[in-house]
Amino acid sequence: MREDVELNIKTLHAKHGQEAVKICMNNSEIDLVLMDLKMPIMNGFEATKLIKVFRPNLPIVAQTAYSTGEEKGQAISAGCDDFISKPISEETLNETIVKYLIIK
């Protein structure tokens, strides 16, 4: 991991998948989504599918505490670009941010 990187990050929080879709639709400056798969109203799988329709190149990283191989496969099939399991360590979060937000 690069130690010399400083990012100005603004965090937006959605309470459910339907709200996540709306936030992504109304904020073109979003560069990365950390998508919880288990949410009320609309789950992360469905939210990801909808977001990818209008933002196909927006990186979406699935996150869940219930990580199984099957669930990871479902997340990737839904359009997620990556998958991380909770609890998420600071190192894993930093590596994910660098992977998707730092131009190499």
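Remarks
Residue-wise test of (1) touching a strand residue (DSSP E or B) at 6+ places or on another chain (Cβ under 9 Å); (2) in contact (Cβ under 8 Å) with a residue 60 or more places away in the chain.
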residue: L7; (1), (2): no, yes
residue: A14; (1), (2): yes, no
residue: Q18; (1), (2): no, no
residue: V21; (1), (2): no, no
residue: M25; (1), (2): no, no
residue: M42; (1), (2): no, no
residue: E46; (1), (2): no, no
residue: C80; (1), (2): yes, no
residue: S85; (1), (2): yes, no
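- The range 6-31 - residue that is in a helix (DSSP H, G or I) and polar (S, T, N, Q) and, of those, surrounded by the most Cβ atoms within 10 Å (Cβ to Cβ): Q18
- Looking only at residues in the range 32-55 that are in a helix (DSSP H, G or I) and of a type in the set (V, I, T), the one that is surrounded by the most Cβ atoms within 10 Å (Cβ to Cβ) is T48.
- The range 45-102, residues that are over 17 Å from I30 (Cβ atoms), at pLDDT 95 or above and acidic (D, E): E46
- Residues of the range 62-104 that are of a type in the set (G, A, S), more than 12 Å from G44 (Cα to Cα) and either in a loop (DSSP other than H, G, I, E, B) or under 13 Å from the mean Cα position of the chain (by Cα) (or both): A65, S67, S85, S89.
- Residues of the range 56-75 that turn out to be touching a residue at least 12 places away in the same chain (Cβ under 8 Å) and either aliphatic (A, V, I, L, M) or surrounded by 16 or more Cβ atoms within 10 Å (Cβ to Cβ) (or both), as a count: 12
The values are calculated or read from the model by the stated rules, or taken from the named source; none is laboratory data. Predicted model, so just to flag it, every value in this text is computed and none were measured. All Cβ positions, even for glycine, are placed from backbone atoms using ideal geometry, and neighbour counts span all protein chains on display.
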